[in-house]
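As structure tokens, the structure follows; a few thoughts come after it.
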Amino acid sequence: MGVSLTYSYITIRFIKDYCYLVNMSKKADLGKGLKNLEKEIVKPVKEEKKSVKKETKIEKKDSMGTNISLTSHPSLSKSGGWEEKLGLIKQNTVEIVKEEELVSLLQTKKKPVVYCGYEPNGPMHLGHFVTITKLMDFEKAGFHVKVLLADVHAFLNRKGNEEDIKREVENWRKTIKAIGLNAEVVLGSSFQFEKEYELDVMRMAQDSTINRGLRSMQEVARDIENATVSQLWYPLMQIADIKYLGADVAQGGLEQRKIHMMGREMSKILKHNFVCVHTPLITSLKGPGQKMSKSLPGSGISVTDSYDEIKKTINGAYCLEGDIADNPILQITKLIVFPRVSSLDIKRPVKFGGDVSYSNYERLEADFASKKLHPMDLKTAVTEALEKIIKPIRDNWK
Ligand code: STL
């Protein structure tokens with residue numbers, strides 16, 4: 001009896017498995033499968049990439065889409081209330097989700113936590129430096145600043161083997177110290193293998209479609225058409241980081257917005273709420289449509305570059321006369337230089353208009369747009385200003 005029951009069970013399992021396999025083999029029409037992948041995942045990802053700019057809603061923007069600043073050289077008064085802190089945080093950001101939540105955080109929490117994560121891979125460049133600059137504003141606004149050196153993420157993203165990444169982590173630690181950012185530096189691998197963390201990632205994985213995960217990575221991952229499972233694990237870990245670092249604010253470049261939005265939607269699973277603050281991305285110094293990358297000489301400037309390297313890269317940079325759109329030199333002026341100087345001095349012969357000094361970015365941009373300020377004169381001034389900013393970092397790094 002027992003034996004025949006076992007046989008019937010095996011027969012039913014066999015028939016079920018057979019039907020399943022027949023069904024699968026129909027689906028395994030590879031050409032069709034790839035078409036579906038193209039239709040359902042890759043295309044929407046590409047289309048969304050085009051529309052990401054349109055989705056960003058900001059009430060008050062300037063020509064670069066950043067929130068209009070209160071002053072060009074911000075500092076807080078000792079008695080700085082939440083309004084003043086908000087003004088400082090908002091300056092040079094593209095979006096805050098949501099501003100009213102940030103206001104309530106500033107009003108209720110004595111020392112909120114802000115974090116920004118970086119994959120330690122290659123030298124820190126000016127793109128990273130935009131978010132570092134914003135972290136400094138948070139520090140001034142009374143936040144506890146945490147910098148995550150995301151070594152496990154770098155590994156997932158195939159940025160090198162464990163040894164390479166360890167070396168990069170040490171370089172990044174040195175750079176952060178040399179910059180003088182008063183931050184708690186946390187290594188991803190110091191908490192990302194803990195059971196509770198991993199369980200949270202799994203809970204989120206249960207609730208995330210592959211499509212959504214891929215879309216969230218479109219601005220961060222290269223070669224999304226050949227996405228790997230590790231690239232889907234990546235954003236979920238990033239969302240869990242926010243909770244395990246106890247961050248009230250997740251700060252990052254605009255490429256992080258989809259991951260952060262997915263994270264906000266997962267707040268019920270995670271039982272953690274957070275505000276996002278996004279800063280603009282700097283266009284490649286080679287011009288729009290190109291990436292700022294180590295492997296593309298002249299596309300970026302690292303915070304440890306020599307004076308000659310800075311000068312050469314700036315001289316060769318894309319900066320069309322009178323054109324303020326996608327202009328990396330203007331972006332650097334606004335996002336890196338003006339937050340650190342009270343004025344930018346342009347030295348030029350009388351026949352070219354004579355010396356001029358700008359105490360805020362808006363006036364400089366207006367003169368550039370009306371061709372009163374020539375790209376060469378701007379480039380010379382920005383080279384000198386960058387050298388002043390980078391020299392102490394370079395010297396401290398040695
Ligand atoms: C990149 C490119 C980029 C941003 C990042 C990585 C960010 C990584 C990261 C990892 C973990 C976090 C937060 C951010 O918790 O523009 O390759």
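None of the figures in this text is laboratory data; all of them are computed from the coordinates on show. All of these numbers come straight from a predicted model, not from anything done at the bench. Every residue, glycine among them, receives a Cβ derived from its backbone with ideal geometry; neighbour counts consider all protein chains shown.
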### Query
How large is the charge dipole for the stretch 307-397, taken about the Cα centre, if only the Cβ atoms of Lys, Arg (+1) and Asp, Glu (-1) carry charge, to the nearest 20 debye?
180
### Query
Which links in LYS111/LYS268; LYS174/LYS243; LYS146/LYS347; LYS134/LYS243; LYS146/LYS391; LYS85/LYS166 stretch past 30 Å when you go from one Cα to the other?
LYS146/LYS347; LYS85/LYS166
### Query
Using the count of nearby Cβ atoms within 10 Å as a rough guide to exposure, how do MET202, MET292 rank from fewest to most?
MET202, MET292
### Summary
Given a Förster distance of 51 Å, the FRET efficiency implied by the Cβ-Cβ spacing of ASP308 and SER77, rounded to the nearest 0.05, works out to 0.80
### Query
When GLU194, GLU365 are ordered from fewest to most other Cβ atoms inside 10 Å of their Cβ, what list results?
GLU194, GLU365
### Message
Nearest 5 percent is fine: what portion of the DSSP beta bridges confined to the stretch 95-251 is antiparallel?
### Response
0
### Within the stretch 240-342, GluC sites (Glu not before Pro) in DSSP loop having at most 16 other beta-carbon neighbours inside 10 Å
GLU321
### Query
What is the fewest-to-most order of ASP207, ASP305, ASP62 by other Cβ atoms lying within 10 Å of their Cβ?
ASP207, ASP62, ASP305
